[in-house]
Amino acid sequence: MSNYFDSRDFVKLAGNHVQSGKKMPGATLPTFPEQFLWGVATAAYQIEGSPDADGKGKSIWDTYAHIPGKMKNGDTGDVAIDHYRRYKEDVAIMKEMGVNAYRFSISWPRIFPNGVGKPNQKGVDFYSRLVDELLKAGIEPFGTLYHWDLPQALQDKGGWQSRDTAQAFADYASLIAEQLGDRVKHFFTLNELQNFVDMGHRGTEIKVQGKDVRIELAPGLQLSTAQVNQVSHHAVLAHGLAVQSMRAIRPDLLLGPADVLFTGVPIIDTPANVRAAEIATKKYNERFLDVMLTGKYSDSYLQAAGQDAPKFTEADLKAIGSPLDFVGVNIYIPKSYVEASEDAKGFREVPTSLTHPKMGSPWHSFSPEVLYWGPRLMNSLWKPKAIYITENGCAAGDVLTTEGRVLDTDRVMYMRAVMLNLHRAISEAVPVKGNFVWSAFDNLEWTGGFGTRFGLVHVDFKTQKRTPKLSAAWFKEASQRNGIV
Ligand code: BGC
């Protein structure tokens with residue numbers, strides 16, 4: 001395998017570099033606990049391509065991406081970065097980058113082309129080969145069962161509006177536990193529940209430079225609040241039933257969600273503002289993390305929802321609140337900055353100023369302190385056994401130079417800043433066990449298409465040539481020294 005790194009970007013480990021959290025002579029930069037994981041993440045539809053290969057069924061994204069006008073520049077995941085066929089090369093690149101954990105997602109319709117019924121062994125075999133390749137490379141595999149690519153056959157029967165989808169998910173989860181659980185020890189159930197529920201079933205309005213922008217995901221429905229609340233309930237139920245069904249097959253698996261943490265960040269660190277941030281964070285996550293981690297819907301949610309509250313049973317809550325081994329959360333931005341307030345809500349949102357710095361996506365304010373406050377507030381609110389940051393990262397205006405390099409200095413700055421904040425949380429005994437950068441490779445950024453590049457590795461989408469960016473060299477140096485460089 002060729003050396004993917006440009007020697008100018010990376011100082012080869014020499015005698016004065018040491019592994020595993022030991023400092024270089026004279027270095028004062030922070031280091032992480034011994035077992036800390038330096039991971040990267042991807043998702044099936046964004047990278048795999050081969051939408052019909054080996055008996056795969058259609059997902060809602062295969063359908064949605066072909067609806068004219070939905071995707072920027074008409075981009076689709078039909079080829080993506082051709083990872084389905086190039087996975088060996090991709091694993092080799094990750095190995096060379098110093099990655100020691102990889103979060104990939106499994107495409108449900110590769111395993112169950114019709115969502116339920118007879119599994120497709122060839123689909124399972126692909127992930128089995130990927131896992132073997134990762135283990136051979138010394139990379140710990142972390143599987144995500146659902147990164148938004150619902151089998152179209154299930155959508156045709158009501159999708160997440162139907163309670164049966166939650167049961168179908170649990171059945172799929174138990175098959176994966178049986179087939180891959182001998183080698184994959186950690187599984188995340190569903191990715192970013194709040195986002196796929198809301199953006200997929202009514203669209204979410206976000207403020208960009210003071211203007212409202214609507215973000216939509218497949219299947220692109222416009223449902224009522226009551227219907228969306230029922231969809232939310234089926235999503236958390238799917239999580240809970242999957243935890244139960246996987247444990248029934250293999251009690252030794254380590255399980256949790258990979259949700260998105262909607263964080264209220266105290267604008268200034270005072271005790272009153274921190275309390276306000278806690279109240280806000282609990283409220284922002286009441287339909288998702290809060291019910292998963294407490295086993296009940298908060299009274300304030302049910303009262304405020306009134307007639308629109310979801311229909312559920314006590315048995316549902318018991319499943320949803322199944323004990324977890326860890327909580328995975330994707331953290332990019334605060335939901336808002338907050339300050340204390342005397343009103344009934346208990347917090348006031350402080351809008352970000354129009355000149356607040358931004359990363360490459362329109363929604364992405366540069367607020368690295370959310371990587372400190374998010375884990376800290378999760379810890380004080382719900383006391384999870386362990387936390388994984390299942391995604392953070394940024395898009396950047398990457399350019400391949402004539403010398404074949406991508407000098408993404410902004411991404412390096414971003415990663416250094418978020419890791420410093422995460423380090424602060426860990427140094428205060430918040431049990432964060434690892435961080436997965438989004439993303440290993442440039443890929444299909446959903447409706448944003450291929451123009452929004454999040455990778456540590458640049459991909460030329462025409463030739464499929466992979467080129468590690470400067471940020472990949474930063475990642476390698478940091479992971480090998482287990483510290484912030
Ligand atoms: C998702 C990824 C996505 C990333 C950047 C997360 O919401 O899980 O699939 O590409 O953010 O937008």
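Values in this text are rule-based calculations from the coordinates and carry no lab data. Small disclaimer: the values here were computed from a predicted structure and weren't measured. Don't worry about glycine lacking a Cβ; one is built from the backbone with ideal geometry, like all the others, and counts go over all protein chains shown.
Laid out as a table, the results:
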| item | result |
| --- | --- |
| Within the chain, percent of DSSP bridges classed antiparallel, to nearest 5 | 30 |
| The chain - mean residue ellipticity at 222 nm from DSSP helices (-39,500 (n - 2.57) per run, n ≥ 4, rounded to 500) | -11000 deg cm²/dmol |
| Contact order relative to length of the chain, as percent, for alpha carbon pairs under 8 angstrom and 6 or more apart | 19 |
| 32 Å tail of the calculated P(r), the range 7-481, as % of Cα pairs | 37 |
| Calculated SAXS-style log₁₀ I(q)/I(0) at q = 0.09, 0.17, 0.18 Å⁻¹ - the range 333-485, Debye, Cα scatterers | -0.34, -1.06, -1.15 |
| Using a Förster distance of 30 Å, the FRET efficiency for Lys88-Val208 (Cβ separation, nearest 0.05) | 0.15 |
| Cα gyration tensor, the range 279-347 - rounded (a/c under 1.5), prolate or oblate | oblate |
| Cα-Cα over 18 Å, subset of Lys88/Lys465; Lys211/Lys345; Lys185/Lys318; Lys358/Lys433; Lys95/Lys136; Lys70/Lys335 | Lys211/Lys345; Lys185/Lys318; Lys358/Lys433; Lys70/Lys335 |
| Gain in span if fully extended, Ser162 to Ser380, counting 0.36 nm per residue against the direct Cα distance | 75.0 nm |
| Set of aspartates and glutamates with alpha-carbon distance to Lys56 below 16 Å, sequence-local pairs under 8 removed | Glu48, Asp78, Asp82, Asp125, Asp149 |
| Cut-off under 5 Å, modelled amide H: who pairs with Val338 long-range | Val265, Ile267, Val350 |
| Exposure proxy order (Cβ contacts within 10 Å, fewest to most) of Thr144, Thr76, Thr63, Thr401 | Thr401, Thr63, Thr76, Thr144 |
| About the Cα centre, charge dipole magnitude for the range 7-481 (Lys/Arg +1, Asp/Glu -1 at Cβ), debye | 740 |
| Least to most buried among Leu29, Leu145, Leu324 (fewest other Cβ within 10 Å first) | Leu29, Leu324, Leu145 |
| Pair Asp54, Thr463: separation of 7 Å Cα→Cβ label points (nm) | 2.8 |
